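The values are calculated or read from the model by the stated rules, or taken from the named source; none is laboratory data. Predicted, not measured: the structure shown is a model, and the values here were computed from it. Cβ atoms come from the backbone with ideal geometry, glycine included; neighbour counts cover every protein chain shown.
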Amino acid sequence: MSMISVKHLCKAYPNITPLKDINCEIERGEVISIIGPSGTGKSTLLRCINCLEHPTKGEIYVDGQNILAAGVDLNKVRQKMGMVFQQFNLFAHLMIIENVMLGATDLLGKTRQEAYDHGMELLESVGMAEKAFAYPDELSGGQKQRVAIARTLSMNPEIILFDEPTSALDPTMVGEVVSVIRSLKEKGMTMMIVTHEMKFARDISTRIFYMDQGLIYEDGTPEQIFGNPQKERTRIFIKQLKPYHADIKSQKFDFLGINSEIAQFMHKNLVPEHFRDASQRLFEELFMQCVLPHLPATFSAALDLGWSDRNLLLEFALRYDGPAYNPLTDTNNDELALLLVRKTAPELKHRYENGMNYLEVTLKTETK
Amino acid sequence: MKITKTQAGQTITYVVSGRLDTVTAPDLGKEIDAVTPDIKELVLDFDGLEYISSAGIRTVLTAQKKMNKQGVLKLRHVCPAVLDVFELTGFADILTIEK
């Protein structure tokens, strides 16, 4: 039985639906990093799992118990799940050790001595024992976050949910918090971590959820997600590309409109002109001249461009449904069009997967 | 794309600006079809032409073929992006491109 099982979870607000249909299973000992663009429901998912938000629809099972069912003792459920927040949420009027003891005395019914002893052990484990009698205001951000982790551990949770634990920290302090989380992994703690630290996510996780469009858009090992993402939006995010996307559905699509959008996209992102010309040329020669005549009246196709100003490269991807068709090897195609394609993008590759054709290439600065 | 035609004796000049692509090339193609056999010099002035596709190149090649029989074709004011395309395809060598 999975430790946590989420089925068809939906969370809708009046103007926005951050979670549309979330399904996942979390096993004991897993470390799952949740990554994705801002506003895609990563934190909302954690807050739903911890019952800080009530989902609009769906089910969440913790150790087989539906925690959204009527009559469930939420405090009992939450005791299994610790949560660490971006802003630490320490009580400013309590000393560090008192912050750590509070849950154990008030909710677990431990004596003050037991809570103190355990609290000091935990502060020791996160390197904060020396500051036990200080107040939160005397601590740096990294130190506060380590205390917040110790406080969470004081409740003996079975899983810890981290909501961007390093986002509010000065970059110099990220390391100390990361090393505490790393030591928890070594002890076998189950963790779900919403993070924007890609290197951290890659290093520490056993599994990555890439969230986008209200879904767990892609789920895989760090090697898969960072090394060989299968889906377009994941790839664009991982490679930090600025995206352009156009859907094409019929023979009468707006060719001029798409060309003009490509030009606007390039202009807005200060992309060198030869990339614009190369993209428009590939789109016209490949799609208009070679692929479109082979498609039926209506179909599903898309053009995706991704610009990386860090690496000065442009990813070009065309996809279209239907039977496998590689225009690059079809000798009936317009010779001149194919010549221009080959000269513009010698490394252009065709692949066919799950009923979808893909033509993809990365254009680099030397592209004419 | 915008095409402006001027004629001086047996010379016709088309000033072509914008984009010469799948959508617009047929318009220039019609103009070239209409060039009569008495014309000895056809000038395609690409001042303001930003982009040319295979369809545009084919139109230029059609003009070249036609003028081979009756006179000369000259390309003028070809911008670097368009010249790149002629060079990529190898047609820069067979066309008269005035610098």
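Tell me the strands (runs of 3 or more DSSP E) entirely within chain B that contain at least 2 residues that are within 14 Å of chain A (Cβ to nearest Cβ). Can you show your working first?
On the way: elements: B:2-8, B:11-20, B:41-45, B:49-52, B:72-76.
Fully inside chain B and qualifying: B:11-20, B:49-52.
Which residues, taken from the range A:319-330, are closer than 25 Å to residue B:55 by Cβ and either within 14 Å of another protein chain (Cβ to nearest Cβ) or loosely packed, with under 14 Cβ neighbours inside 10 Å (or both)?
Once the filter is applied, which keeps residues that are closer than 25 Å to residue B:55 by Cβ and either within 14 Å of another protein chain (Cβ to nearest Cβ) or loosely packed, with under 14 Cβ neighbours inside 10 Å (or both), the range A:319-330 yields A:327, A:329, A:330.
When residue B:87 is evaluated against the numbered criteria (1) among the acidic types (Asp, Glu); (2) modelled with pLDDT under 95; (3) within 23 Å of residue A:255 (Cβ to Cβ), which criterion, by number, is the only one it fails?
It fails just one condition, (3).
Counting only residues that are part of a helix (DSSP H, G or I), buried (at least 18 other Cβ atoms within 10 Å of the Cβ) and among the acidic types (Asp, Glu), how many does the range A:167-212 have?
1
Going by what's in this entry, would residue A:90 be described as of a type outside the set (D, E, K, R) and not in a loop (DSSP other than H, G, I, E, B)?
no
Assuming residue A:269 fulfils every condition listed in (1) under 20 Å from residue B:50 (Cβ atoms); (2) out of contact with any helix residue (DSSP H, G or I) (no Cβ under 9 Å at 6 or more places or on another chain); (3) within 14 Å of chain B (Cβ to nearest Cβ) apart from one, which condition is it?
(3)
Applying the selection to the range A:239-276, what residues are touching a residue at least 40 places away in the same chain (Cβ under 8 Å) and assigned to a helix (DSSP H, G or I)?
A:258, A:262, A:265, A:266, A:274, A:275
From the residues in the range A:185-238 that are basic (Lys, Arg) and in contact with an Asp or Glu (Cβ under 7 Å, 6 or more places away or on another chain), which one is nearest to residue A:307 (Cα to Cα)? Write out each step before concluding.
Step one: filter the range A:185-238 for residues basic (Lys, Arg), giving A:185, A:187, A:199, A:202, A:207, A:231, A:233, A:235.
Now drop any that are not in contact with an Asp or Glu (Cβ under 7 Å, 6 or more places away or on another chain), which leaves A:207, A:231, A:233.
Working: A:207: 27, A:231: 17, A:233: 13 Å.
Only one residue fits best here, namely A:233.
Would you say residue A:330 is acidic (Asp, Glu) and within 29 Å of the chain's Cα centre (by Cα)?
no
How many residues does the range A:288-333 hold that are assigned to a strand (DSSP E or B), touching a Ser or Thr at 6+ places or on another chain (Cβ under 7 Å) and of a type in the set (S, T, N, Q)?
Summing the residues that are assigned to a strand (DSSP E or B), touching a Ser or Thr at 6+ places or on another chain (Cβ under 7 Å) and of a type in the set (S, T, N, Q) in the range A:288-333 gives 1.
Being among the basic types (Lys, Arg) and either assigned to a helix (DSSP H, G or I) or within 18 Å of residue A:30 (Cα to Cα) (or both) is the filter here, so list the residues in the range A:213-238 that pass it.
A:233, A:235
Pick from B:33, B:27, B:21: which is without any contact (Cβ under 8 Å) to a residue 12 or more places away in the chain and acidic (Asp, Glu)?
B:33
Residues checked against (1) within 10 Å of chain B (Cβ to nearest Cβ); (2) buried (at least 22 other Cβ atoms within 10 Å of the Cβ); (3) among the basic types (Lys, Arg):
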| site | (1), (2), (3) |
| --- | --- |
| A:236 | no, yes, no |
| A:243 | no, no, no |
| A:249 | no, no, yes |
| A:261 | no, no, no |
| A:264 | no, no, no |
| A:282 | no, yes, no |
| A:285 | yes, yes, no |
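Being of a type outside the set (Lys, Arg) and surrounded by fewer than 18 Cβ atoms within 10 Å (Cβ to Cβ) is the filter here; which residues of the range A:287-312 pass it?
Passing the criteria: A:293, A:294, A:296, A:297, A:298, A:299, A:300, A:302, A:308, A:309, A:311, A:312.
Name the pairs: first residue in the range A:331-354 and away from chain B (no Cβ under 14 Å) and surrounded by 13 or more Cβ atoms within 10 Å (Cβ to Cβ), second residue aliphatic (A, V, I, L, M) and in a strand (DSSP E or B), Cβ to Cβ under 7 Å, at least 6 apart or on different chains?
Qualifying pairs under 7 Å: A:348/A:359; A:348/A:361; A:350/A:359.
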